[in-house]
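Computed from the coordinates by the stated procedures, all read-outs in this text should not be read as laboratory data. Here the structure is a predicted model, which means the values were calculated and not measured. Cβ coordinates were reconstructed from backbone atoms using ideal geometry, including for glycine residues, and neighbour counts include every protein chain displayed.
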Amino acid sequence: MDKVVLITGGSRGIGGATARRAGKAGYCVVINYTKRGEDAEQVVRDIKQAGGEALAIQADVASEADIQRLFGEIDKRYGRLDGLVNNAGIVGRSSKFVDMATDDLHRVFAVNVFGAFLCAREAVKRMSTASGGRGGAIVNISSGAATLGSPGEFVHYAASKGAINTMTIGLARELAREGIRVNAIEPGMIDTEMQTASGDLGRMARIVPTVPMARAGAVDEVAGPILFLLSDAASYMTGAILRVAGGR
């Protein structure tokens, strides 16, 4: 059987592009989605039409019960897991720090941090050689915001991605002798729907002039490095955080 990879938040954007690339690379691709079922099914159709194998499962990564159900369905369908791309994430509402709504703060951390931790935990249970697994790779999707801080707009989002970086380093060192590599990608300004999800429609136009390459990145320019970190070409890489941000 081809290697099985789970890509959370795989219905669009970076996740969708990564899923399509993984399908072409020969992976059996599982994507989850929260609400965009038709978008997720379109990704599945694209992969299958290209000769690959794919499955979409509805699950909210902020819910532990949903995560357990998601991994349980993978167990039933494939009986194995070889890779996890922790991509599901939300940016939250743009605001100054003092005006930040508590419910928004909770939701950002529930999805971006707790969801990533819980998905990684379930993946490790299945992949670790210490528990009878065959090893594997985890790629966490962080953000350039983790080191920039996003002052005045998305400090909560930036902090959640800083947590992902720390988790990546800690897990990489903990799991290195259990056959699991853990790395992260820090995308910068990428042209996705996330850039307008906060309601700030002019954000991309403001930020692009600060990018040394003077443009936003495309989703495929992030998907490529993700597939590299999943692959055997990165067999001696763990604990790495690769920035894909046009120099910013």
Between helix 155-175 and the chain, what is the angle of the helix's C-alpha long axis to the longest principal axis, kept within 0 to 90° and rounded to the nearest 10?
30 degrees
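When all alpha-carbon pairs of segment 4-244 are counted, what percent fall beyond 23 Å? All intermediate terms of the calculation are to be shown ahead of the outcome.
Details: 13231 of 28920 pairs.
More than 23 Å apart: 46 percent of the Cα pairs in segment 4-244.
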CD proxy, 222 nm, the chain: helix-only mean residue ellipticity via -39,500 (n - 2.57) per DSSP H run with n ≥ 4, per residue, nearest 500, stands at -13000 deg cm²/dmol
With Cα coordinates, the longest principal axis of the chain makes an angle with the long axis of helix 219-230, in degrees rounded to 10, of 40 degrees
Rounded tilt (10° steps) of 115-127 against the dominant C-alpha axis of the chain
20 degrees
Over segment 4-244, relative contact order from alpha-carbon pairs under 8 Å, at least 6 apart, %:
20 percent
What GluC sites (Glu not before Pro) does segment 162-248 have in DSSP loop regions with at most 13 other beta carbons within 10 Å?
193
Column: log10 I(q)/I(0), Debye, Cα scatterers of segment 45-132, q = 0.12, 0.21 Å⁻¹:
-0.49, -1.04
Most exposed to least, judged by fewest other Cβ atoms within 10 Å, 201, 242, 230, 171 sort to 201, 242, 171, 230
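First obtain the Kirkwood hydrodynamic radius of segment 106-182 from its Cα pairs, then insert it into the Stokes-Einstein equation at 25 °C and 0.890 mPa s, and state the resulting D in µm² per second as a whole number. Intermediate results must be reported in sequence, preceding the final value.
On the way: Rh = 13.1 Å.
Estimated via Stokes-Einstein, D reaches 188 µm²/s.
Could you list the trypsin sites (Lys or Arg not before Pro) in segment 75-169 that lie in coil according to DSSP, counting only those with at most 16 other Cβ atoms within 10 Å of their Cβ? Numbers along the way, then the final one.
Numbers: sites: 76, 77, 80, 93, 96, 107, 121, 125, 126, 134, 161; in loops: 80, 93, 96, 134.
When the trypsin sites (Lys or Arg not before Pro) of segment 75-169 are filtered for loop state and at most 16 Cβ neighbours within 10 Å, 80, 96, 134 remain.
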What's the ranking of 205-213, 181-189, 47-55, 7-15 by average number of surrounding C-beta atoms within 10 Å, highest first?
7-15, 181-189, 47-55, 205-213
Choose one of 156, 225, 59: the residue whose Cα lies farthest towards the positive end of the charge dipole of the chain (beta-carbon charges +1 Lys, Arg; -1 Asp, Glu; about the Cα centre).
225
Grab segment 4-244 and count how many Lys pairs have their alpha-carbon atoms under 26 Å apart, sequence gap of 8 or more, or different chains.
10
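Mind putting a number on the dipole of the chain about its Cα centre? Charges go on the C-beta only, +1 for Lys and Arg and -1 for Asp and Glu, and I need it in Debye to the nearest 20. Before the final figure, lay out each step's value.
Working: 29 positive and 26 negative charges, 82 e Å.
Approximately 400 debye in magnitude.
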